[in-house]
Amino acid sequence: MEAGAKMSQLQILEKIKVGGESLAEEPAAGGSCFPDIGDLTDRLRFTVGDGNIRFDTQRVALVHLSTLTRLRCELLDGLCTSKARGILSRLGWESGTRDAAIAREVRSHCSLKDAFMTGPQLRNLQGAAAVRPVRIEADVTVGDFYGEFIWPESLEVESQLSVYGISDYPVCWIQTAYLSGYTSTFLGRPILYREVECRATGSKLCRAIGKPVEEWLWDDDLQEDLKALQLESFASNFGSGRRVPVLPAVQQRRLNHDLADLPTDVIGQSSSFTGAYHLVKKVAKTDATVLFLGETGVGKEVFARTLHKLSRRQNGPFVAINCAAIPENLVEAELFGVMRGSFTGADVSRPGRFERASGGTLFLDEVSSLTLLAQTKLLRAIQEREFERVGDTITRRSDVRIVAASNVELKDAVAAGTFRVDLQHRLDGFPIRLPPLRERRDDISLLVEHFMRRGLQRHGRTISGFTQRALDALYNYDFPGNIRELENLIERAVILCEDNARIDLVHLFSSGGPTLPASLKVNRTGTLEKEVTEECRCDEGLQATLCGFVDEQIPLEEIEARLLQIAVEKAGGNLAAAARSLGVTRAQLAYRLKRKEA
Ligand SMILES: [Zn+2]
């Protein structure tokens, strides 16, 4: 009897519908309700010697359970329970939203049920808990959802029991919040899970139930649950029974990083990116001169624009000038303006960039390429806030904030005698170094997603994502041209890729792409094995076949004759096609065939 009861617990009563029609209604008793996990384990890579474990393009890490237990204890003992719970819950929520994005990407071609099962399967793979669905009912069209999951024990249960013993309340906060974050992001509306049974309180297993927030009974406990996830702001909408949309994962992440006010091209979550961004935020509110340093293509102008938008001058103009792109004899005229007739070609009087930027920000890109004469005039304009138009005697004033950029260190230019030391001191007061893309690999997936979306919009294409080896190549490529190069690669790939297909290596790199470092992946038995690429597999097969010929002492002539015969047969007697398949000309093939007959 007990076995029967268990069986029914594991049944999935599925009613996932799209467009009002039921896709499937199969109580999957007994057998596994999960699709093959190979597509997920394939994305877990251990890069040897690089200090890097990745899931897809995201970096992950192995952490001892004892470390997590320690962290949990520090939080519980150092803060009040509700604060500790809040922190751990939001950790779980964040993890769930990321996995929902993976589910959408990896299983975009699967049934909705299989796509949804990605979350529980990933939880299993991550070693968090063996989550099993008991019942899932979802009607995507109207947004109905009921989900019930069980797990025999979790990381949190083990932590709790090993340190504090039996608990008065359910403890799987990360796990439950994970399910909330995962399902909410997957369905695009807030679904709240609550743990109704927990092994840490003495129950046989843990059980969580998930429903749309407004379907839960409104009481103090619910308020506490929402507070832990910082979802109280949705509360005002519950009464009206209105469907509340949840932000897609990317936006959610951006909000988490307080980047919501940024132009969309400033994207990142890596430590080197956020370090630079925090400096920008700090200095933006002042009127200090800022110097952006970094390789070509790291986005210095985008950062300068961001600085302007965050500053008090945001309503004033942002005027950019690339000092390297202007002919030497016109630099002054461009910066300070000209009076009519001051030199050949100056037919009308016009203001320079200094005047046009008045009340706003003047961005001097590649400032180190200015001539020494132009540097002298620039120094005066910055120091005295005064300048004259070329050919004019009237001294003008302009209230501008100077933001400069350079791909060489100014003090090196000073040492080389090409840059004035006093101007260097003026500009170098608040340097911000922007990291090259190869030092912020964690941002590559975000940037790829962003540039792909923009490319699809711009060119009206429909493309269903990237192949795994294309993503691997992007992740491992060194990007000498930095973000600009990545942007160009993606745009080119979006144009080249067939409609509804996935972007592959050939669309990105004309010559095969970067060589990937040796990496290990998890095989079916759960052990790590060296990854075998397609080419390598093919090469191994060829090697084995050739070894067989030698072992059996088959004469070279016979091998050639058989090879030619197979090629001609496969091409249906068409010699030109047969020659192509062998990589020779038709004449060469004909000659060899003739020689054989002779
Ligand atoms: Zn539990």
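The values are calculated or read from the model by the stated rules, or taken from the named source; none is laboratory data. Keep in mind it's a predicted model, so treat the numbers as computed, not measured. Cβ coordinates were reconstructed from backbone atoms using ideal geometry, including for glycine residues, and neighbour counts include every protein chain displayed.
Taking the numbered list (1) touching a residue at least 12 places away in the same chain (Cβ under 8 Å); (2) outside any helix (DSSP H, G or I) in turn, G96 passes all entries but (2). Total residues in region 61-75 satisfying the condition of being of a type in the set (A, V, I, L, M, F, W, C) and in contact (Cβ under 8 Å) with a residue 12 or more places away in the chain: the figure is 4. Of all residues in region 347-362, one or more are in the same structural domain as F303 (by TED's automatic domain parsing), crowded, with 22+ Cβ neighbours inside 10 Å and in a helix (DSSP H, G or I). Looking at the structure I just gave you, is A84 without any contact (Cβ under 8 Å) to a residue 24 or more places away in the chain, within 16 Å of the ligand (Cβ to nearest atom) and more than 22 Å from L40 (Cα to Cα)? Criteria met by A84.
Here the helices (runs of 4 or more DSSP H) wholly within region 523-598 that include at least 1 residues being at pLDDT below 85 and in contact with a Lys or Arg (Cβ under 9 Å, 6 or more places away or on another chain) are 534-551, 575-582. Scanning region 331-366 for residues that are in contact (Cβ under 8 Å) with a residue 40 or more places away in the chain and at positive phi yields G337, G341, G359, E366. Considering only residues that are in contact with a Ser or Thr (Cβ under 6 Å, 6 or more places away or on another chain) and among the β-branched types (V, I, T), which ones fall in region 185-218? Of everything in region 185-218, those that are in contact with a Ser or Thr (Cβ under 6 Å, 6 or more places away or on another chain) and among the β-branched types (V, I, T) turn out to be T185, I191, T201. Consider R433 carefully, then state whether it is modelled with pLDDT of 90 or more and not aliphatic (A, V, I, L, M). When the stated conditions are applied, R433 passes them. Hey, which of the helices (runs of 4 or more DSSP H) in region 101-207, taking only ones fully inside, have at least 1 residues that are within 14 Å of the ligand (Cβ to nearest atom) and in the same structural domain as L68 (by TED's automatic domain parsing)? So the answer is 118-125, 155-163, 173-187. Give the residues of region 93-130 that are of a type in the set (F, W, Y) and touching a Gly at 6+ places or on another chain (Cβ under 8 Å), sorted by residue number. The one that is of a type in the set (F, W, Y) and touching a Gly at 6+ places or on another chain (Cβ under 8 Å): W93. Looking at P517, P480, just one residue is modelled with pLDDT under 85, outside any helix (DSSP H, G or I) and under 21 Å from the mean Cα position of the chain (by Cα), and that residue is P517. Each residue in region 374-399 was checked for being in contact (Cβ under 8 Å) with a residue 24 or more places away in the chain and assigned to a helix (DSSP H, G or I), and 9 pass.
Taken over region 280-295, the criterion of being closer than 8 Å to F430 by Cβ and surrounded by 19 or more Cβ atoms within 10 Å (Cβ to Cβ) is satisfied by V283, V290, L291. When you scan region 221-238, do you find a residue that is surrounded by fewer than 19 Cβ atoms within 10 Å (Cβ to Cβ), under 28 Å from Y164 (Cβ atoms), basic (K, R) and modelled with pLDDT under 85, even just one? The answer is yes; a qualifying residue exists.
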